[in-house]
Amino acid sequence: MSVQEYLEKHLLSRKIEEAVNAAVRAKAPDPVLFISTHMRRAAPAVITSVRARQILDGRGEPAVEVALHTNKAVHRASAAAADAPEGAAASSTRDAEKRKLLARAVADAVRVINDKVSEALVGMDPQQQAQIDQAIIDLDKAHHKAEIGMKAMLAVSIAACKAGAAEKEVPLYKHIADLVGKSTSTLPVPAITVINGGTHGGNRLPIQEIMILPVGAKSFEEAMQVGSETYHHLKDIILEKYGSDSCNIGDDGGFTPNISSISEGLDLVIAAIDRAGYNGRIKLAIDVAATDFCIGKKYDLEFKFAEKSRQDFKTADDMIEIYSQLCSGMTCAWIDIFSVHILILFMMLIFPFLYTLEYPLVSIEQPFDKDDWEHSKKFTTLELCQVVGDDLLMSDPERIMRAVNEYTCNALVLKANQVGTVTEAIEVVKQAKDAHWGVMVSHRSGDTDDSFIADLAVGAAAGQIKAGAPCRGECLTKYNQLLRIEEELGSDGVYVGENWRTSAGTS
Ligand code: PGA
């Protein structure tokens, strides 16, 4: 083909002339840069291939990373490797070949992406998120998305979302806000993990996390300052009280002192808040992850004790009483007046200073077993705090619908890799918001270094984000991205602060 034929075939002379004219009209100070940008925009992005690989996550376990190629750039994404609870709508895939990486490898999922998913997405416009996600879903006819697997699916979907934002030349959170149909951007309150226990820490504390919510900060930046200072004061207090070997950290970056009760942990955190000078500006939250220590219908608060007293098997009603006490001493006393604890009430009235039971505890995640709908409802109806459904909901639209109808909890913890795709994640956020629930966008423990959920929390105006401690790279990548977003938004970005539950509004 001659040069002339080539120019004519691609209408190049006309396109170059248009670009030059546009540069002159714009009086572009750097015409070459202007013309190259102009020409780039003239060619729409299309997906040319999707390549996957196995990487390692924050726990050193295999996870899927995807590189989505368009005719213009490469967009990378990875999805947390943590598995979904049994019965989740989207399931996890690990290789049939069990010898490698302790049976956790994901080479099969990598192969499916490189072969099937890539072929299906080639030629698609990355801005069409819903169509892309539907194409991925259509490929997986297996029950619970078991063929491609939720993590692999989500990694492709997130990579496409990043490519869509790039093509629109807008920040990722803005692209997500467009997909959600929102025009305002809010910065979420971070639920910062400061103490780990449960299956995430090698201590005797039965619950998984104690978190601080700096609702009294004026900006996200200040919230992280408050969170970080409190975290470091907590370290000093633990060091003084329990010695240096108690300052190790757990899976979400929280400290793991060898405490065994929730109130012991909360007391340490209260002391740290006090020492940091942030009294009244921080609320507390706990993630009980009670499924992990539910044996039959009882809760074994000593599930990590080497030697058990056998005294600490609690019924679900006992657990309700414990939570009620933690949320509000007085509420508990008035409940108890009808039961056996009149003595406690009497003592409280005579010696009120002895009973400082009230913690600023505003949120309890997964307080009961994943299938204990009855007691979760009973506790939620007391309206003592935000009751967050994790294993109870599994980010599954059907379980969320049931929980909304029955008022089994009043907040969603969104783990996108339990849903499968960005479009489906946005749908469940809308579902929760329409029910006037709180929405907490969450990382997975031992996450990858992908910061997508930071943009998701802003774009979907979730109001709350949970990404672990102000420590560990995979946690900080989310918080640091939120710092960048806040800076970029300037006065257009509002930190939700005290409105952490209501800011989201309806969709
Ligand atoms: P998971 O826990 O990723 O281990 O389920 C995360 C959380 O609930 O904080």
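The values are calculated or read from the model by the stated rules, or taken from the named source; none is laboratory data. Please read these numbers as outputs of a predicted model, since none were measured by experiment. No Cβ is skipped: glycine too gets one built from the backbone with ideal geometry, and neighbour counts run over all protein chains shown. For the accessible areas, the whole protein counts, side chains as well, though only heavy atoms, and no ligand, DNA or RNA atoms are used. Shrake-Rupley method; radii C 1.70, N 1.55, O 1.52, S 1.80 Å.
Structure data summary
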{"quantity": "Surrounding net charge for residue 186, when Lys and Arg each add one and Asp and Glu each subtract one, Cβ distance under 11 Å", "calculated": "-1"}
{"quantity": "Solvent accessible area, Å² - residue 39, 1.4 Å probe, full protein context", "calculated": "60 Å²"}
{"quantity": "Amide proton proximity set for residue 411, modelled H, under 5 Å, gap of 5+", "calculated": "387, 389, 438"}
{"quantity": "Contour minus Cα-Cα distance for residue 12 and residue 449 (0.36 nm per residue)", "calculated": "153.1 nm"}
{"quantity": "Other-chain or far-sequence residues with amide H under 5 Å of residue 370's (modelled H)", "calculated": "291"}
{"quantity": "³J(HN,Hα), Karplus 6.51/-1.76/1.60, whole Hz, each residue of segment 433-443, x for Gly, Pro", "calculated": "5, 4, 8, 6, 7, x, 10, 10, 6, 10, 6"}
{"quantity": "J(HN,Hα) series, segment 376-384, from Karplus relation 6.51 cos²θ - 1.76 cosθ + 1.60, nearest Hz, glycine and proline x", "calculated": "4, 5, 4, 6, 4, 5, 5, 6, 8"}
{"quantity": "Relative contact order of segment 433-479, defined on C-alpha pairs under 8 angstrom at six or more residues apart (%)", "calculated": "43 percent"}
{"quantity": "The chain, dipole about Cα centre (Lys/Arg Cβ +1, Asp/Glu Cβ -1), debye to the nearest 20", "calculated": "1060 debye"}
{"quantity": "Alpha-carbon centroids, segment 248-316 and segment 429-480: separation in whole Å", "calculated": "22 Å"}
{"quantity": "Kirkwood hydrodynamic radius (C-alpha pairs) into Stokes-Einstein, the chain, 25 °C and 0.890 mPa s, D in µm²/s", "calculated": "101 µm²/s"}
{"quantity": "Given 308/478; 314/466; 241/415; 162/433; 308/370; 298/415, the pairs whose alpha carbons are separated by over 31 Å", "calculated": "308/478; 241/415"}
{"quantity": "Antiparallel content of DSSP bridges confined to the chain, in %, to 5", "calculated": "55 percent"}
{"quantity": "Whole-angstrom gap from segment 155-206 to segment 358-387, using each part's C-alpha centre", "calculated": "24 Å"}
{"quantity": "Linear extension gain, residue 42 paired with residue 383, 0.36 nm per residue minus alpha-carbon span", "calculated": "117.2 nm"}
{"quantity": "Under the Karplus curve 6.51 cos²θ - 1.76 cosθ + 1.60, θ = phi - 60°, whole-Hz ³J(HN,Hα) for segment 24-30, x wherever Gly or Pro sits", "calculated": "5, 4, 7, 6, 4, x, 10"}
{"quantity": "Helical contribution to [θ] at 222 nm, DSSP H n ≥ 4, -39,500 (n - 2.57), averaged over the chain, rounded to 500", "calculated": "-12500 deg cm²/dmol"}
{"quantity": "Partners for residue 72 among aspartates and glutamates (Cα-Cα distance below 19 Å; same-chain residues under 8 apart left out)", "calculated": "119, 125, 167, 169"}
{"quantity": "Aspartates and glutamates with Cα under 15 Å of residue 378, excluding same-chain neighbours fewer than 8 positions away", "calculated": "317, 318, 321, 365, 369, 406"}
{"quantity": "Interchain or long-range residues, amide H under 5 Å from residue 140's placed H", "calculated": "none"}
{"quantity": "Length-normalised contact order for segment 148-220 - Cα pairs under 8 Å, 6+ apart - percent", "calculated": "20 percent"}
